1. According to a simple spin-label model (label point 7 Å from Cα along Cα-to-Cβ), what is the distance in nm between W246 and N199?
2. Sum -39500 (n - 2.57) across every DSSP H segment of at least 4 residues in the chain, then divide by the residue count to get the 222 nm mean residue ellipticity, nearest 500.
3. Multiply the residue gap between T50 and F400 by 0.36 nm, knock off their C-alpha separation, and tell me the result in nm, one decimal place.
4. Zone of T168 (label point 7 Å along Cα→Cβ, backbone N under 11 Å): which residues in the stretch 280-316?
5. Using a 1.4 Å probe on the protein chains only, how many percent of the accessible area of the chain belongs to carbon and sulfur?
6. Between helix 110-137 and the chain, what is the angle of the helix's C-alpha long axis to the longest principal axis, kept within 0 to 90° and rounded to the nearest 10?
7. Expressed as a whole number of Å, what is the distance separating the alpha-carbon centroids of the stretch 277-297 and the stretch 382-411?
8. Give the angle, between 0 and 90 degrees and rounded to the nearest 10, that separates the Cα long axis of helix 293-310 from the longest principal axis of the Cα atoms of the chain.
Amino acid sequence: MSLFNGPNKTSFHTDQNRATLTLLTSLFFIWGFITCLNDILIPHLKSLFTLSYTQVMMVQFCFFTAYLLISIPSGNLVKRIGYKGAIVSGLAIAGFGCLLFYPAAALRMYWLFLSAFFVLASGITLLQVAANPYVTQLGSPETSSSRLTLTQAFNSLGTTVAPYFGATFILSNTLITDSAVNPSAIASQQAIEAAAVQNPYLLISLILFSTALVCQLFKWPDLSLDQATSPIDTALVAVKKESRVWQERHLILGAIAIFLYVGAEVSIGSFMVNFLSEPAITGLPNHEAAGYLSIYWGGAMIGRFLGAAIMEKIKPNKVLVFHAVAAALLIMVVIFGSGKVAMIAILSIGLCNSIMFPTIFSLGIKNLGALTEQGSGILCAAIVGGAIVPVLQGLLADAFGIQHAFALACLCYLYIAYYGWTGHTVKT
């Protein structure tokens with residue numbers, strides 16, 4: 001069956017839908033690329049501003065908090081101005097967020113960097129609230145999952161490519177930290193380090209604004225706005241109506257699992273460069289260590305395809321348990337190991353992460369029936385774990401060291417293993 005053909009689709013509509021899906025797929029690639037660049041900027045900003053791990057993890061806090069705070073206004077905006085208007089606006093807002101990196105670097109103000117991250121994530125949030133339901137409606141309902149999987153694959157491609165870009169254009173200079181060096185030389189080097197952020201984000205802003213113009217001029221198929229609801233808004237509906245959805249134990253436990261999974265995945269990516277740069281691990285300079293991030297995120301991309309095939313023969317919850325236990329064991333190697341063994345262990349966790357989100361999500365909404373939409377909203381709201389868990393791991397890193405801080409991620413994976421083993425069971 002074609003990804004586009006429904007029972008009454010003409011060839012013209014099919015071609016139009018295909019062109020539209022191609023354009024939308026590029027958006028998924030762009031926001032995956034931008035999101036992954038956070039992992040590159042974290043070690044860069046830590047060195048530039050001499051930040052603690054807790055302080056620098058505010059990057060992820062500001063970025064992922066935007067998903068929680070902006071999701072509801074985004075859903076309302078989509079309903080008011082339509083999918084096209086929302087997508088164009090999201091690209092423009094994200095482009096403006098990228099422009100803010102220029103004065104933030106020029107003035108060397110950390111709070112301005114954090115503001116730029118929030119604005120950038122706000123634009124991406126609006127894009128996601130509009131693009132995800134649009135993709136599901138762009139053709140036959142029977143193939144909506146296939147279309148969304150295809151676009152998500154390109155999102156993963158963006159996260160795989162981004163580390164090479166960031167390593168080349170942002171982390172290519174090594175910051176002078178020797179106190180014996182002349183202070184003026186350090187100040188000069190810091191200025192160079194700060195400026196390294198400006199041109200890459202100017203280029204990204206140009207791409208975003210150009211894409212917004214293309215989207216504005218593009219003829220979009222006229223689709224229903226029935227599904228244009230913010231996932232957070234959907235979750236709040238469940239609260240306001242005191243819905244029995246909150247009595248679904250497997251759903252609530254699944255939301256906790258999503259919270260911890262996203263938090264652990266983001267934390268590992270955020271700490272990756274600094275961890276690999278540790279003398280006891282590889283001692284690599286930041287710009288070389290950053291290149292290994294592509295293996296971490298690329299493993300997640302490859303694992304999704306392999307996992308889809310495996311779960312056709314093995315129950316998804318069992319696959320989830322295996323991956324979660326494997327991730328926890330790898331984390332233990334990261335904590336107590338050293339050298340290439342620890343490096344291989346932390347990079348391999350990306351492969352374990354691959355199937356977790358979609359598997360937890362599907363188990364969480366199982367047998368919800370009419371409550372599925374509200375349940376989905378609750379699970380999506382749990383993505384805010386990407387804002388909270390990295391900060392908590394930053395506190396642990398400052399107190400006990402970067403290696404021992406990964407114990408928090410280990411606990412996250414052990415809970416996910418519990419959810420796959422028994423927590424997902426639907427109570428009747």
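1. 5.4
2. Details: 18 runs with 328 residues, N = 428.
The helix-only estimate for the chain comes to -26000 deg cm²/dmol at 222 nm.
3. On the way: separation 350, 0.36 × 350 = 126.00 nm, distance 1.82 nm.
So the extension gain works out to 124.2 nm.
4. No residue qualifies, since no backbone N sits under 11 Å from the label point.
5. In the chain, the share of accessible area belonging to carbon and sulfur is 66 percent.
6. It is inclined by approximately 20 degrees.
7. Between the Cα centre of the stretch 382-411 and that of the stretch 277-297, the gap is 19 Å.
8. Orientation of helix 293-310: about 30 degrees from the principal axis.
The values are calculated or read from the model by the stated rules, or taken from the named source; none is laboratory data. Treat the numbers as computed from the prediction; the structure is a model and nothing was measured. Every residue, glycine as well, gets a Cβ built from its backbone with ideal geometry; the counts of neighbours run over all protein chains shown. Side chains are part of the model used for accessible areas, which takes the heavy atoms of the whole protein and leaves out ligands, DNA and RNA. Shrake-Rupley method; radii C 1.70, N 1.55, O 1.52, S 1.80 Å.
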